1. Which members of region 224-240 meet the condition of being part of a loop (DSSP other than H, G, I, E, B) and not charged (D, E, K, R)?
2. Would you please name the residue that is farthest from the chain's Cα centre (by Cα), looking only at residues in region 284-298 that are crowded, with 20+ Cβ neighbours inside 10 Å, assigned to a strand (DSSP E or B) and β-branched (Val, Ile, Thr)?
3. Let me confirm something: among Lys137, Lys156, Lys132, Lys170, which residue is over 22 Å from Ser36 (Cβ atoms) and either in contact (Cβ under 8 Å) with a residue 24 or more places away in the chain or among the small types (Gly, Ala, Ser) (or both)?
4. Checking the condition under 28 Å from Val127 (Cβ atoms) and among the charged types (D, E, K, R), which residue from Arg32, Arg14 passes?
5. Looking only at region 1-51, filter to residues that are β-branched (Val, Ile, Thr) and at pLDDT below 95; which one of those is nearest to Leu181 (Cα to Cα)?
6. Take region 235-283 and flag every residue that is on the phi > 0 side of the Ramachandran plot and either at pLDDT 95 or above or surrounded by 18 or more Cβ atoms within 10 Å (Cβ to Cβ) (or both).
7. For residues in region 60-84 being buried (at least 21 other Cβ atoms within 10 Å of the Cβ) and more than 12 Å from the chain's Cα centre (by Cα), which is farthest from Asn134 (Cα to Cα)?
8. Give the residues of region 102-121 that are without any contact (Cβ under 8 Å) to a residue 40 or more places away in the chain, crowded, with 24+ Cβ neighbours inside 10 Å and among the charged types (D, E, K, R), sorted by residue number.
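The values are calculated or read from the model by the stated rules, or taken from the named source; none is laboratory data. Not measured: the values here are computed from a predicted model. Note that we place each Cβ from the backbone using ideal geometry, even for glycine, and neighbour counts take in every protein chain shown.
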Amino acid sequence: MRKTEKRIENEISRTAEFTCMMRSASFYEKTRQYKSNDYVAPLLVPKFFMPVIKIRPLRNFFINRFFPPGMYEYVIARTKFIDSVFQKVLNEGFDQILIFGAGFDSRGVRFADANKKTKIFELDAPVTQEAKINQFKKRGVEIDPKVIFISIDFNKESIENKLLESEFEKNQKTLFILEGLTMYLDSEAIDNTFKVINECAGNGSKVVFDYVYLSVLRGENLYYGESEVLDGVKKENEPWSFGIEKGEIESFLENRDLKLIKNLNSEDLEKEFFKDIKGNVIAKVNGTHCITYSTKIN
């Protein structure tokens, strides 16, 4: 592999695999705050790995040994938040959902019963997408015919051309999801991606994505778990290349004809997803990320 190549160009995305592992582990948690409803994720991990995520001591050892501090909690919170947005737009009868860098996302399967009309488009690198589809088939997971797979290299291929080759339609009410993606794109790819969103989004369209602070890329080490997570992505040859300065998310969105609905930092996520019945926060979320939810400015 050339040094200029990222791992995902030739192999399954390691971060996509890790995210799936964390979602799988979360499914077997007993504590309400840690428990997820992603029953599909365990079907996408190797069978030999199942005891590790099912047995609590092994699960805890695995999480603490292989993931940066607070990253497990972050993935749980992010999954739950985007699940809620996903379900909301299905209930509202959105025309389309477009998932950029879908990885081992299972929402098209998990929420198929609630999906009456919405077409779901999954964009991802060919190797990772093929592995996911093959695993679905191997484990007998039924794929909703409204889910449409599109393979793409975000840094080299035109998103718009890829969409035009599929059944995706412009100017429809669409939810755009960029989960665990923006930090891996370069600035040009970010601009192109949001340009496509702006040109394709119909009235009432929504966008949800997460991002890292730009200071993280500078290595300022200001946040909980920052140095560990930065070392981890570099080690897997999937380094981060894009971030947004703290406090500048609204201007970032406005420059792309989007209006902020909600922006959640690590403290917000702790309060929303990790409070006990007494209102005490029981877990700490990795501080490098934020999740933002916005709507198209008509």
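1. Pass one, region 224-240, residues part of a loop (DSSP other than H, G, I, E, B): 224-225, 236-240.
Matches in region 224-240: Tyr224, Gly225, Asn237, Pro239, Trp240.
2. Looking at the filtered set, the residue picked out is Thr292.
3. On the way: Lys137 fails: either in contact (Cβ under 8 Å) with a residue 24 or more places away in the chain or among the small types (Gly, Ala, Ser) (or both); Lys156 fails: either in contact (Cβ under 8 Å) with a residue 24 or more places away in the chain or among the small types (Gly, Ala, Ser) (or both); Lys132 fails: over 22 Å from Ser36 (Cβ atoms).
Within the list Lys137, Lys156, Lys132, Lys170, the selection yields Lys170.
4. Arg14
5. Thr15
6. From region 235-283, those on the phi > 0 side of the Ramachandran plot are 237, 247, 257, 279; that's our starting set.
The answer is Gly247, Asp257, Gly279.
7. Top of the filtered list is Gly70.
8. If the condition is that a residue be without any contact (Cβ under 8 Å) to a residue 40 or more places away in the chain, crowded, with 24+ Cβ neighbours inside 10 Å and among the charged types (D, E, K, R), then Arg107 is the only one that fits.
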